[in-house]
Amino acid sequence: MVGLGVAGMSAAVRLLKAGWEPVIVERAPRRRTGGHFIGLFAEGRKAAAELGVLDLMHLRTPLSHRAVAVGEDGTRSTSTGFLDRPGNPDALLRGDVEAALWTAVDGRVEVRFDTTPVHIDARVDGASVALHDAERDYTENFYLVVGADGIRSTVRRLVFGPDERFLRPMHIVSWTFQLDEQVPSYGPAEQIMAVQPRRALWILPFADLPPAAFFLYRTRKVRDELAADPADRLPLRFEGMNGGGAVAHALAELNRRPDLIVDAAEQVRMPTWHRDRVVLVGDAAWCMSAYGAMGVTTGLQGALALGDALTADPRSIPTALANYERHLRPVMRSHQRWARLLSQIYVPSNRPAARLRATALAAITNRRLKAVATHRPDRLGR
Ligand SMILES: Cc1cc2nc3c(=O)[nH]c(=O)nc-3n(C[C@H](O)[C@H](O)[C@H](O)COP(=O)(O)OP(=O)(O)OC[C@H]3O[C@@H](n4cnc5c(N)ncnc54)[C@H](O)[C@@H]3O)c2cc1C
């Protein structure tokens, strides 16, 4: 297993249960914690329950949240936000999911930190992997190699080809971090959406933490944006935008944030996820970008499906891997299409798209509020 993220740990937990002896190699010197805001959907909760980790997961969904849309003129209106999406996503940090999985991995699975593959010789009966760690280079044979090393997967590059062949840019850059406190004049469980053509700020609430700020904008010059200092670049990109006070509040906190996470939205599209005894799972195989908000859910779900397929056909790895792909490929392709569409909800690409977005959200919100008023007056928003 390469990668100690959601997909890698989930695959290890599933295979351990099936009697395998997984080894995880992780490039980082230690397990990471924290991470960005995550919506965990019903399929992800189901997969986590099957892996035996759902009860270990610290969910941070506010009990009665409300989404507030802030217009360009500063007017505020109730809207339909992230946590109102079908599938009732729970709010948590990526680190909360990883911490739960780690409880199932720690002491049961061999984990080698500071270690990365530098060469992989994939064969029909196994794979020789040249590994590099802080002290030495060595080669080891494995029965199966699972590449769960994220969007810029080394396993994918070594076995399937260079990133350029598989990465599809979406021309959106985002910067996200935890605020010290909610934007003044908003309730702690209010989600704020300040959305304009080509730029947006979302403030996403938690039950027991200050909210997360999610700045995003569209650009054709992604590389330049990533190379720039966010303390210079974000005020420039959000110049003249007030967002009901949210923009100034979040920008004021920007310099104090060690946990700033930058993302250049990309999708991974591959004709196949396996070759001989090497298989990819999670973002390495099907990254759909932050805008589907399904990467963690599908990381859990996909790793579980991989383990299930290998357990169903333990004597024929090619059949198991072919079944794994046949089962998951349509699901992931559909999530990727949705992610492209949903990116227009997060940050519309032009003014007509922004108008269409506003009209669609207003209609959805009216219908939802009517349904809530009629059937569930005590649970606005859920
Ligand atoms: C801003 C943002 C918001 C998001 N919101 C959501 C959301 O609401 N809901 C949701 O489900 N998803 C969301 N996602 C996506 C989600 O975070 C990812 O899809 C998911 O974390 C991917 O998990 P993974 O295990 O496949 O890969 P990763 O999390 O990337 O883990 C890969 C691991 O492999 C390690 N690694 C990398 N290279 C090597 C190497 N060469 N050797 C050894 N180890 C290596 C890395 O250090 C890491 O530990 C969001 C993403 C972003 C950026």
Self-check item: Residue-span extension gain [residue 85 to residue 132] - 0.36 nm each, minus C-alpha spacing
Solution: 12.6 nm
Quiz prompt | FRET efficiency, 1/(1 + (r/R0)^6) with R0 51 Å, evaluated for residue 312 and residue 256 via beta carbons | solution = 0.50
Quiz item: In what order do 172, 151 fall by count of nearby beta-carbon atoms within 10 Å, going from fewest to most?
Solution: 151, 172
Quiz item: Say the dipole of the chain comes from +1 at the beta carbon of Lys and Arg and -1 at that of Asp and Glu; which of 82, 23, 228 then lies farthest toward its positive end?
Solution: 82
Self-check item: Assigned charges on the beta-carbon of Lys, Arg, Asp, Glu; the range 6-364 dipole about Cα centre (debye)
Solution: 1280 debye
Exercise. Tell me the label-point distance for the pair residue 242, residue 167, using the 7 Å Cα-to-Cβ offset, in nm and rounded to one decimal.
Key: 3.9 nm
Self-check item: Cβ-based exposure ranking for 63, 234, in which fewest neighbours within 10 Å come first
Solution: 63, 234
Exercise. Find the Cα radius of gyration of the chain, compare it with 2.2 N^0.38 Å by division, and give the number to two decimals.
Key: 1.02
Quiz prompt | Nearby aspartates and glutamates by direct alpha-carbon distance to residue 17 (threshold 13 angstrom, same-chain neighbours under 8 apart not counted) | solution = 50, 308
Quiz item: Taking the chain as a Gaussian network, where each spring joins two C-alpha atoms under 10 Å apart, which residue of 332, 270, 294 fluctuates the most?
Solution: 270
Practice problem: Provide 142, 215, 166 in ascending order of the number of other Cβ atoms located within 10 Å of each residue's Cβ, fewest first. | Solution: 142, 166, 215
Practice problem: Counting helices only, and only those DSSP H runs with n ≥ 4, report the 222 nm mean residue ellipticity of the chain as the sum of -39,500 (n - 2.57) divided by its residues, in deg cm²/dmol to the nearest 500. | Solution: -11500 deg cm²/dmol
Quiz item: Which of the lysines could be linked to residue 370 by a straight reach, that is with a Cα gap under 20 Å, when you skip same-chain ones fewer than 8 residues away?
Solution: none
Exercise. Determine the sum of side-chain charges near residue 51: Lys and Arg each +1, Asp and Glu each -1, restricted to other residues whose C-beta is under 9 angstrom from that of residue 51.
Key: +1
Quiz prompt | Total charge dipole magnitude, the range 80-191, about the Cα centre, Cβ charges on Lys, Arg, Asp, Glu only, Debye to nearest 20 | solution = 520 debye
Quiz item: Which residue, chosen from 34, 317, 116, occupies the Cα position most advanced towards the positive end of the dipole of the range 6-364, where the dipole is computed from +1 (Lys, Arg) and -1 (Asp, Glu) charges on Cβ about the Cα centre?
Solution: 317
Exercise. Only Cα pairs under 8 Å and at least 6 apart count here; give the relative contact order of the chain as a rounded whole percent.
Key: 22 percent
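Each reported figure results from applying straightforward, stated rules to the coordinates on display, with no laboratory input. These numbers were taken from a predicted model, which means no experiment stands behind them. A quick note on method: Cβ atoms are made from the backbone with ideal geometry, for glycine too, and the neighbour counts reach across all protein chains shown.
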